[in-house]
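Worksheet: one structure, shown below.
The values are calculated or read from the model by the stated rules, or taken from the named source; none is laboratory data. Quantities reported herein were computed from a predicted structural model and do not represent experimental measurements. Backbone-built Cβ (ideal geometry, glycine too); neighbour counts: all protein chains shown. When the accessible area is computed, the model is the full protein with side chains, heavy atoms only, and any ligands, DNA or RNA have been set aside. Shrake-Rupley method; radii C 1.70, N 1.55, O 1.52, S 1.80 Å.
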Amino acid sequence: MNNEENNCLAHRQHVKYFMRFLNVLPASLSSHDTTRVTIAYFSVAGLDVLGSITSMTIDMQSRIIEWIYRLQVEPNKETGDMTACGFQGSSTINMPFDSEKSQYRCGHLAMTYTGLCVLLTLGDDLSRVNRRALVEGVKALQREEGNFSATLSGCESDMRFVYCAACISYILNDWSGFDVKRATDYIIDSIGYDYGIAQCPELESHGGTTFCALATLSLTNQLDKLTIEQIEGLKRWLLFRQIDGFQGRPNKPVDTCYSFWVGASLKILDALHLSNFESNKSYVYETQDCVVGGFSKWPDTCTDPMHTYLGLAGLSLIGESGLLEIIPTLNITKKAHDHMKYLHRMWETES
């Protein structure tokens, strides 16, 4: 679409777009059935950044909250073991503990993080979250080298899940299940020769994992562990990811989602103002569908809820009108973040 005809936010269409994903999972996303919580997160958080949570009825918000809680894995009733605790991605694998496949009934760090974000965004008080069990679930997934596995049932272990574990610990205001020093060492070991940060040590630097690493360092108050040379090198590497929008790696195409991943990384380093806001904004709007709503990763391709939310989040970071402020480290709105801080104060009073 000609950008001159697509240079403002199709707010109403995006609200309808997210509402559709909260009501039905389209066939195109059937392969994501086991990770429905992430789709709910992109949709609910998307409505929030649009300032349109009230587009959902109170009944619908309550049903989403109840659904999230049904996905919480509680401690084993017989042994009291908490290592499998957390939130699952959907009811597809929500079988009872006495099932032959009960080993698959365990929390997943990304689903736990996004599930908690949905609850916060909808104003839930987290009173039914078994906070101690979730912290034990996080602790069970940290590996000797400092990174985290996603789940006890077997999965990758890399920077993405270091970030998810840090977010869970921050939201629950409990770091007893997160070894900060080991995680910080892992992050520093993953800094490349070009100063970008990779999934694991010795791999290629990537915009998404650079965000995960920097957000974790910020959440754990460890940014001062980076040297001035590393910080300046990171700023340079991130700024060089801008073509018009942002790319995730050198010699790769520009992609809408990196307007958030790279933009938020620069924001954390207090360097986003050094990027070209207008070029970034122009690219993101090229990927907007003004008819049915949504953003895609590239112009003239299919939209999806992830790129739609991250496109909006990236626009929020550069101050686009009509959008609520995003807290870059947790990737939720300031409104949801303020609610979380209120809960922290309540918990401290109770203790």
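Observations on the model:
- From the options Asp255, Asp270, Asp224, residue that is acidic (Asp, Glu), more than 19 Å from the chain's Cα centre (by Cα) and not assigned by the TED database to the domain that holds Asp194: Asp270
- Within the stretch 291-315, the residues that satisfy the criterion of being under 26 Å from Thr121 (Cα atoms) and surrounded by fewer than 24 Cβ atoms within 10 Å (Cβ to Cβ) are Val292, Gly293, Ser296, Lys297, Thr303, Asp304, Met306.
- In the stretch 65-79, residue farthest from Arg132 (Cα to Cα) [restricted to those that are open to solvent by 20 Å² or more (accessible area, probe 1.4 Å) and part of a loop (DSSP other than H, G, I, E, B)]: Glu78
- Any helices (runs of 4 or more DSSP H) falling wholly within the stretch 184-287 and containing at least 2 residues that are in contact with a Leu (Cβ under 9 Å, 6 or more places away or on another chain), of a type in the set (A, V, I, L, M, F, W, C) and open to solvent by less than 60 Å² (accessible area, probe 1.4 Å): 207-219, 228-239, 258-268
- Verdict on Leu343 being touching a Lys or Arg at 6+ places or on another chain (Cβ under 6 Å) and surrounded by 15 or more Cβ atoms within 10 Å (Cβ to Cβ): no
- Residue-level check: of (1) exposed (fewer than 15 other Cβ atoms within 10 Å of the Cβ); (2) more than 18 Å from Ala10 (Cα to Cα), Gly319 misses just (2).
- Filter result for the condition that a residue is within 16 Å of the chain's Cα centre (by Cα) and in contact (Cβ under 8 Å) with a residue 24 or more places away in the chain, over Asp158, Asp125: Asp158
- Qualifying residue in the stretch 148-155 (condition: open to solvent by 10 Å² or more (accessible area, probe 1.4 Å), modelled with pLDDT of 95 or more, of a type outside the set (Val, Ile, Thr) and in a loop (DSSP other than H, G, I, E, B)): no
- Within the option set Val118, Val138, being more than 16 Å from the chain's Cα centre (by Cα) and buried (at least 20 other Cβ atoms within 10 Å of the Cβ) holds for one residue only, Val138.
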